[in-house]
1. Only helical DSSP H runs with n ≥ 4 go in: add -39500 (n - 2.57) per run for the chain, normalise by residue count and round the 222 nm mean residue ellipticity to 500 deg cm²/dmol.
2. Rounded to the nearest 20 debye, what is the charge dipole size of the chain about its Cα centre when +1 sits on each Lys and Arg Cβ and -1 on each Asp and Glu Cβ?
3. log₁₀ I(q)/I(0) of region 287-329 at q = 0.16, 0.28, 0.34 Å⁻¹, via Debye over equal Cα point scatterers, no solvent, to two decimals?
4. Which one, His138, Thr150, His246, projects farthest toward the positive side of the charge dipole computed for region 126-270 from Cβ point charges (K/R +1, D/E -1)?
5. Could you work out how much longer the chain between Asn79 and Ile268 gets when fully extended? Use 0.36 nm per residue separation minus the Cα distance between them, nm to one decimal.
6. In nm, give the distance between the simple-model label positions of Ala311 and Thr63, each being 7 Å from the Cα along the Cα-to-Cβ direction.
7. Mind listing P(r) for region 187-253? All alpha-carbon pairs, 5 Å bins, whole percents.
8. Please report how far the C-alpha centroid of region 32-75 lies from that of region 90-149, rounded to the nearest whole angstrom.
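Here, each number is a calculation from the coordinates, and none is a lab measurement. In this text the structure is predicted, and so the values were computed from the model without any measurement. Positions of Cβ are backbone-derived with ideal geometry, glycine not excepted, and every protein chain shown enters the neighbour counts.
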Amino acid sequence: MVISKKFVYSTAFLGVPKNSNFAILEEELPPIQEGEFLLETKYISIDLFVRYKPLSKLNIGDTIWALQIAKVIESKSSNYPVGRYIRGYYPCSTYNISDGTSYSNIPTSLIDEKYPLHKYLAVFGYSFATAYYGLTQHCQPKENEVIVITSAAGGVGHLVGQIGKILGCKVIGLTSKSEKCLWLKGLGFDHVLNYVTDDVSKELAKLAPKGIDCFFDNVGGELSYKIMENMRKLGRIAICGSTSCHNSDFVPKLPSIHPMISTKLLSITGFSTPMELEKLEHSTKTAMKWFEDGKLRTRETIIDGFENYPAALTSVYNGENLGKTIIKI
Ligand SMILES: NC(=O)c1ccc[n+]([C@@H]2O[C@H](COP(=O)([O-])OP(=O)(O)OC[C@H]3O[C@@H](n4cnc5c(N)ncnc54)[C@H](OP(=O)(O)O)[C@@H]3O)[C@@H](O)[C@H]2O)c1
């Protein structure tokens, strides 16, 4: 008999997510059937879309779902033998039963265990795919161009900056704390601005006097507006996320961006992580090669304990993370 704990959405979000928005339920799992396997969750990815109503569409009582790494501990499926690890999108639970079906466009896939398991939720997974395709396909940077990245010290952002450096660009990151600024400088970012203490518009005008060619945006809002004002003619903007808009019903009143788009001939593209398996395999192979060549340095913030899932979500909104945030069970 396996008793599993799972998180459900228990009270409506108001501002930054808190413990009280979630409840843990215990349930007894049935015996596995032919073709099924039992998974013991090992690592859970902290992803902000859970909080963002337009994406999560959560109703009170709904099970929280999350990308995770789990171990097959019992199996009646020859495709998923006992002892192997998988990455998949499942209920945010300590155990799950699966038949290998994908419950979203994220497939259940066996992982090769060559690297520490949690890295398959970060640099060897969707974080890198987001950074790689977002930058190369939607910003299309050329050598010596200037790239600006918001949430530069986050799970996606720190990878975007390093990809930019590998491509021969000048990279400027923005983040909120001096410790994060130092870390990014150590990763090879040319400049890092603290958007809380620095005058962003003034500093960008100094650092990129001819203007910004590529802007990889994770946050939206006023900060993004200030960066857009410094774009160069024919600049490209990839909108990855809009973190600053997640926790508030208040929509910031900003001047219209239309004049700068039309006069500077800017291209602005929203995108989501490509889910095609071939694309994920290509970006993962690229990440592994760059990692082994010492061109890509990564870091994850690992938080111990299944119960800390809500606290981890809060900590990311408070900017306490360096790199991708992951729960270890
Ligand atoms: N398009 C896609 O398919 C896709 C895929 C993955 C992620 N995303 C989105 O991309 C963004 C980054 O994801 P991630 O997982 O890598 O998260 P992350 O950057 O590791 O963490 C979020 C960061 O946002 C910053 N932040 C928090 N509240 C903020 C606010 N009010 N204003 C400005 N910055 C704020 C904090 O960094 P600072 O200390 O630097 O402020 C925090 O560390 C998120 O919006 C996520 O939803 C999109």
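1. Working: 9 runs with 79 residues, N = 329.
When only DSSP H runs of four or more count, the value is -6500 deg cm²/dmol.
2. The dipole magnitude comes to about 1100 debye.
3. Computed log10 I(q)/I(0) values: -0.50, -0.88, -1.13.
4. His138
5. Values: separation 189, 0.36 × 189 = 68.04 nm, distance 4.25 nm.
Here the segment from Asn79 to Ile268 would lengthen by 63.8 nm.
6. 2.6
7. Using 5 Å bins, I get a P(r) of 3, 15, 24, 26, 20, 8, 3, 0 for region 187-253.
8. What the calculation gives is 15 Å, centre to centre.
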